[in-house]
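See structure below.
The values are calculated or read from the model by the stated rules, or taken from the named source; none is laboratory data. Because the structure is a prediction, the values reported are computed rather than measured. Cβ sites come from the backbone with ideal geometry, for glycine too, and all protein chains shown count toward neighbours.
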Amino acid sequence: MSANNASDLHQVSDRLAHNAMRHFSERLIEALLFAAAAVSVLTTVGIVYVLVSESIQFFQHVSIVDFLTDTQWTPLFDDAHYGIMVLISGTLVSSGVALLVAIPMGTVIAIYLSEFANGKVREVAKPVLELLGGIPTIVFGYFALLIVTPLLQKVLPELPGFSLLSAGLVMGIMIVPYIASLSEDAMRAVPMSMREGSYAMGATKLYTAIHVVVPAAISGLAASYILGISRAVGETMILAVAAGMQPNLTWNPMEPAATITSYIVQVALGDLPHGSIGYQTIFAAGLTLLLVTLAFNIAGQWLRRRYREAY
Amino acid sequence: MQIHDTPTLKAEARNLNFYYGEAKALKNINMPIYDKKVTALIGPSGCGKSTYLRSFNRMHDLYPGNRYEGEIRFFPDNTNLLSPEVDPIEVRMRVGMVFQKPNPFPKTIYENVAYGLRVRGENNKRVLDDKVEHALKGAAIWEEVKDRLQDLAPNLSGGQQQRLCIARALATDPELLLFDEPTSALDPIATGAIEELVHELKKRVTILIVTHNMQQAARVSDYTAYMYLGEMIEFGKTDEIFIKPQDKRTEDYITGRMG
């Protein structure tokens with residue numbers, strides 16, 4: 001009887017030991033997963049820390065009012081001016097041109113693929129479209145400079161060799177696949193019962209797509225547009241190659257201009273002494289870019305919540 | 001229930017076959033639909049009653065590989081609804097439908113009801129206001145929503161959504177209204193409201209209703225058709241079908257020995 005008891009105890013403690021082991025490995029995995037997650041968060045925190053701390057030093061030399069209101073950006077000249085609006089204007093104009101191309105085109109393609117194309121067409125068209133998103137942006141940049149600009153000059157003879165227009169157009173084409181692909185996913189997620197409801201009312205495919213499917217998928221569409229905006233604002237190589245790099249406060253897409261990103265490339269390639277004010281402009285510009293992108297992302301999140309799928 | 005009148009025909013299926021690709025889903029169906037009457041389609045799951053219902057507004061045309069054979073004659077003009085020369089959109093302009101799960105559009109209550117009118121090119125505000133109100137009253141939901149016509153329809157309760165969908169179908173004055181298990185997603189109170197509504201609506205419109213619920217068929221319909229494995233087993237006046245079914249299979253189903 002007592003021997004029996006002892007072996008029972010032994011069994012139980014074995015199971016306990018097994019449990020403890022399982023508990024340990026569970027903990028270990030949890031710790032590994034946490035570490036993996038922490039790396040990405042810490043990297044972001046580190047980047048923000050560096051941007052902010054270097055920018056603080058920059059703003060000890062330059063007042064924020066000057067930074068925001070000065071109409072010239074000449075940080076490397078003897079007569080230095082630090083008007084970030086010069087770079088912001090270039091960024092916004094080129095992004096605006098890109099989005100004027102990408103949002104309508106991307107949406108139309110998405111409507112076609114989701115509502116009209118048959119299975120075979122979609123099977124071929126979607127991967128090809130996504131391939132377009134895999135082309136390196138430097139290739140797009142030279143495409144803009146060597147092909148699109150000369151073509152545009154045939155229509156607009158005054159267009160200079162470098163222009164926001166040409167870079168923006170090509171940037172738009174680059175963004176089309178992202179918008180088209182995400183928008184198509186959002187529209188395909190609209191339940192078939194909703195389309196049937198519209199068809200049953202005697203609506204055509206096009207009427208259904210515009211009046212039922214698009215409104216039902218609007219939060220997904222908004223998300224894809226926000227992603228497109230983020231890509232446009234952060235795009236570097238196309239602008240560095242095709243838009244010219246001279247800082248130019250302009251709202252005219254027919255002119256060449258530097259953007260925040262192309263300025264950073266330009267300065268980062270030179271050999272500025274560490275800690276000089278010119279060096280710190282990179283971080284101030286980088287922080288501005290981060291804030292612009294952040295603003296669009298927050299607006300996007302807000303839109304998504306506001307117009308979240310109601311089906 | 002009116003038993004002694006001779007009702008006029010609104011529609012009639014003649015030798016109707018239907019195929020999903022190779023699979024034959026409806027087998028040689030012949031059946032009258034009487035004007036301003038409620039006809040119920042009953043039968044076990046997969047018997048083809050929804051397939052049959054969806055032939056009346058050509059919903060099968062939306063998916064590739066579907067094929068009809070035979071005719072559905074629509075009166076008084078004797079049009080064959082299934083003819084390839086007849087545009088399915090024309091058919092759907094005359095035949096409304098209410099679905100199993102309420103499917104309001106992500107629009108306001110007002111715009112949901114106005115949808116079919118706008119599809120038909122009606123944009124006159126006064127006409128729309130008028131017809132929207134009339135349709136909402138017809139679907140017995142006007143009192144509940146008249147002060148919030150600009151609210152989003154998906155925020156309504158399930159039963160309200162379904163009555164809104166009925167209002168949406170009514171707004172365009174269909175000649176035939178198809179109901180595909182309209183209460184299967186609703187609680188008993190909402191179900192009661194819909195049944196009452198169906199009873200009220202048959203004064204204005206011919207109704208064809210698919211239901212899984214035998215009591216519902218008995219309560220709301222004038223005629224009942226029992227379908228099994230794609231065939232029309234028995235069709236007749238509802239009280240006759242439920243009291244004295246002619247076919248053994250109908251009797252088994254109604255008495256709960258099958259299905």
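When region B:14-40 is filtered for residues that are of a type in the set (Gly, Ala, Ser) and farther than 20 Å from B:Ala218 by Cβ, the ones remaining, listed by number, are B:Gly21, B:Ala23, B:Ala25.
In region A:68-82, how many are touching a Gly at 6+ places or on another chain (Cβ under 7 Å) and among the aromatic types (Phe, Trp, Tyr)? Count: 1. Only residues that are modelled with pLDDT under 90 and either aliphatic (A, V, I, L, M) or in a loop (DSSP other than H, G, I, E, B) (or both) were counted in region A:32-64, giving 3. What is the residue count in region A:117-141 for residues that are within 30 Å of A:Lys205 (Cβ to Cβ) and touching a Leu at 6+ places or on another chain (Cβ under 9 Å)? Adding up the residues that qualify gives 5. Please verify whether A:Ala3 is over 28 Å from A:Gln266 (Cα atoms) and either modelled with pLDDT of 85 or more or within 32 Å of the chain's Cα centre (by Cα) (or both), treating the condition exactly as stated. So A:Ala3 fails the test. Tell me, please, whether a residue that is under 22 Å from the mean Cα position of the chain (by Cα), of a type in the set (A, V, I, L, M) and modelled with pLDDT of 90 or more can be found in region A:156-166. Looking for residues that are under 22 Å from the mean Cα position of the chain (by Cα), of a type in the set (A, V, I, L, M) and modelled with pLDDT of 90 or more, one finds at least one in region A:156-166, hence yes. Filtered by the rule that a residue be without any contact (Cβ under 8 Å) to a residue 12 or more places away in the chain and not aliphatic (A, V, I, L, M), region B:8-45 gives a lone residue, B:Glu22. Have a look at A:Glu184, A:Glu255 and point out the one that is touching a residue at least 24 places away in the same chain (Cβ under 8 Å), of a type outside the set (Val, Ile, Thr) and part of a loop (DSSP other than H, G, I, E, B). None of the others qualify; the one that does is A:Glu255. If you go through region B:136-156 and keep only what is surrounded by fewer than 19 Cβ atoms within 10 Å (Cβ to Cβ), assigned to a loop (DSSP other than H, G, I, E, B) and within 14 Å of chain A (Cβ to nearest Cβ), you end up with just B:Asp151.
Restricting region B:27-77 to residues that are within 14 Å of chain A (Cβ to nearest Cβ) and of a type in the set (A, V, I, L, M), the residue that is surrounded by the fewest Cβ atoms within 10 Å (Cβ to Cβ) is B:Leu62.
Filtering region B:100-120 to residues that are outside any helix (DSSP H, G or I) and either of a type in the set (Ser, Thr, Tyr) or more than 11 Å from every other protein chain (Cβ to nearest Cβ) (or both) leaves only B:Thr108. Candidates A:Ala222, A:Ala144: the one that is within 14 Å of chain B (Cβ to nearest Cβ), among the aliphatic types (A, V, I, L, M) and in a helix (DSSP H, G or I) is A:Ala222. Inside region A:164-197, residues that are hydroxyl-bearing (Ser, Thr, Tyr) and more than 16 Å from A:Thr137 (Cβ to Cβ) make up a count of 3. The set of residues from region B:108-151 being touching a strand residue (DSSP E or B) at 6+ places or on another chain (Cβ under 7 Å) and closer than 27 Å to B:Glu195 by Cβ comprises B:Leu149, B:Asp151. The single condition from (1) touching a helix residue (DSSP H, G or I) at 6+ places or on another chain (Cβ under 7 Å); (2) surrounded by fewer than 16 Cβ atoms within 10 Å (Cβ to Cβ); (3) not charged (D, E, K, R) that A:Ser224 fails is (2).
Please go through region A:199-214 and pick out each residue that is part of a helix (DSSP H, G or I) and either in contact with a strand residue (DSSP E or B) (Cβ under 9 Å, 6 or more places away or on another chain) or at the interface with chain B (Cβ under 7 Å from one of its Cβ atoms) (or both). Within region A:199-214, A:Tyr199, A:Ala200, A:Tyr207, A:Val212 qualify.
The strands (runs of 3 or more DSSP E) found entirely in region B:1-80 that carry 1 or more residues being more than 21 Å from B:Phe99 (Cβ to Cβ) and in contact with a Pro (Cβ under 6 Å, 6 or more places away or on another chain) are B:9-20, B:23-34.
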